[in-house]
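**Student:** Let me give you the structure first, and then I'll get to my questions.
The values are calculated or read from the model by the stated rules, or taken from the named source; none is laboratory data. Predicted model only: the values in this text are computed from it and were never measured. Glycine also receives a Cβ, built like all others from the backbone with ideal geometry; neighbour counts cover every protein chain displayed. Ligands, DNA and RNA are stripped out before the accessible areas are found, and what is left, the full protein with its side chains, is counted by its heavy atoms. Shrake-Rupley method; radii C 1.70, N 1.55, O 1.52, S 1.80 Å.
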Amino acid sequence: MNFGYYPGCALHGSSDDYEQSIRACLGALGIKLEEIDDWICCGATAAHSLNHKLAIALPARNLALAQRQGCAEMLAPCPMCSGQLLRAGQALASDAALRSEISSIVEAEVNDGPRVLNIIQVFERVGLKALSDAVTKPLKDLKPACYYGCLLVRPPAVVGFDDAEQPQSMEAVVAALGAKPVDWNYKTECCGAGMTMASPETVLELSGKILANAAAHGANCLVAACPMCHVNLDMKQAAIQEYSGARYDLPVYYLTDVVGMALGLSASELGADRHFVLAREA
Amino acid sequence: MAGRMDAPPTKVVRLVQLGQWDAAMRVESIWQCVSCQTCSARCPKLVDCAGVMDALRQLAFERGAASPAGRAVMVFQRAFLENIRRYGRLNEIDLIARFKGEVFLKSRSLAFLFRDAGLAGQLHKRRKLHLTGEKVRDRAVVERIFERAGAGGAA
């Protein structure tokens, strides 16, 4: 199985533990990733807040580069990136005038861009039965709170994935690994997202509620699929504990970490030893 | 998220419907908004409330009507775009330096300047601190895209 691959800036920056995890995990499943040559930033929150045209043009350039590379399906593991790519693709598909304007802005023809996939959809493509058959170390002791955050499932008209209020796709993946996902209330609440720098208290408060709810429902870890969520819940966990006075010590895994561990990969192969909150030795 | 706001998204949208733009631009919620898209996803009338928040932020900033908290958010986002215009991909160290520098020049707050400074060592220990960020090869095309999108110098 081959997919085009749009890493996005976070996965080539301080969240490169996520890329390490993705490459190790998908490699073990025999999936090849073809990185989009000379990809550029999707513009993220800054572009959609400040300049609507740029928020379409930056992702559009990447869709055109992917198309030029002959890529039919492209994994964009960061939900911010995948959301912006999907949004731009839809705007261009429904408006011929915009398509020709944007094509000249980005100096590349965008016709039929690739289908953009999130990481859960890649596991669905592998098939949960096939995934379960590949497990060599069932995660019997893992009780994860599967955390979707905002952009994997919202806005539903753009992402068209799972259920915006009560998603279950990540639970299905971790259950196929032998883990026992907990029922909890905060799986689609926001962690504070890109406010980490500009408004740190927002992150401490929102991410604090997520950790508290996961702990209250008996989770012994969180599983996330977004680099920003991971930064807020893992790197900021010590600051959150100081702010709220509560103690959680909950490891936060990327979804590819837990799949990789069930396939027999070690924490250091997956980069999970580079997280801030580490699992206690069993 | 609405629980933290001085005016929930419904009220912001109502102000816009009534044409009370100045009042809408003065609510603090447009700066507290984290673009989580919950209001857009739940609106029974299919109003893209999060998109309305984007538009109000843009207007408030252009008209100099942003509150101090709002200015910090905008300074960060402008520094982010400037960074992309220059390198094509995000350079985290450069972004943090510019954001901190600009806010410090206005606030003169040393506490702000050195907040989270301790994280650098911890990131380094985890091989997460990359002093030289990536650059795309074709930076000229990125510059031209910004120019044509009307974000050349303003970004």
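**Student:** Within segment B:109-123, identify whether any single residue is among the charged types (D, E, K, R) and either more than 11 Å from every other protein chain (Cβ to nearest Cβ) or in contact with an Asp or Glu (Cβ under 6 Å, 6 or more places away or on another chain) (or both), and answer yes or no.
**Tutor:** No, there is no match, as no residue in segment B:109-123 is among the charged types (D, E, K, R) and either more than 11 Å from every other protein chain (Cβ to nearest Cβ) or in contact with an Asp or Glu (Cβ under 6 Å, 6 or more places away or on another chain) (or both).
**Student:** Where residues in segment B:27-52 are aliphatic (A, V, I, L, M) and facing chain A (nearest Cβ under 8 Å), which of them is farthest from A:Met228 (Cα to Cα)?
**Tutor:** Only one residue fits best here, namely B:Ala41.
**Student:** Still on this structure, please answer the following. Go through (1) within 11 Å of another protein chain (Cβ to nearest Cβ); (2) under 15 Å from the mean Cα position of the chain (by Cα) and name the single condition A:Cys226 misses.
**Tutor:** Single failed check for A:Cys226: (1).
**Student:** Taking the conditions exactly as written (assigned to a helix (DSSP H, G or I), under 19 Å from A:Ala225 (Cβ atoms) and not assigned by TED's automatic domain parsing to the domain that holds A:Leu265), does A:Leu98 satisfy them or not?
**Tutor:** So A:Leu98 does not fit the description; no.
**Student:** If you go through segment B:80-128 one residue at a time, how many are closer than 21 Å to A:Gly271 by Cα and modelled with pLDDT of 85 or more?
**Tutor:** Selection size over segment B:80-128: 9.
One line per residue, one yes/no per condition, for (1) open to solvent by 20 Å² or more (accessible area, probe 1.4 Å); (2) touching a strand residue (DSSP E or B) at 6+ places or on another chain (Cβ under 6 Å); (3) within 10 Å of another protein chain (Cβ to nearest Cβ):
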residue: A:Gly192; (1), (2), (3): no, no, yes
residue: A:Ser199; (1), (2), (3): yes, no, yes
residue: A:Thr202; (1), (2), (3): no, no, yes
residue: A:Ala212; (1), (2), (3): yes, no, no
residue: A:Leu222; (1), (2), (3): no, yes, no
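**Student:** Which of the residues spanning segment A:54-80 are more than 17 Å from A:Ala93 (Cβ to Cβ), open to solvent by 10 Å² or more (accessible area, probe 1.4 Å) and part of a helix (DSSP H, G or I)?
**Tutor:** Answer for segment A:54-80, where residues must be more than 17 Å from A:Ala93 (Cβ to Cβ), open to solvent by 10 Å² or more (accessible area, probe 1.4 Å) and part of a helix (DSSP H, G or I): A:Leu65, A:Arg68, A:Met80.
**Student:** Looking at segment A:134-143, can you tell me whether even one residue there is among the acidic types (Asp, Glu), more than 23 Å from A:Glu73 (Cα to Cα) and outside any loop (DSSP other than H, G, I, E, B)?
**Tutor:** No, because not a single residue in segment A:134-143 is among the acidic types (Asp, Glu), more than 23 Å from A:Glu73 (Cα to Cα) and outside any loop (DSSP other than H, G, I, E, B).
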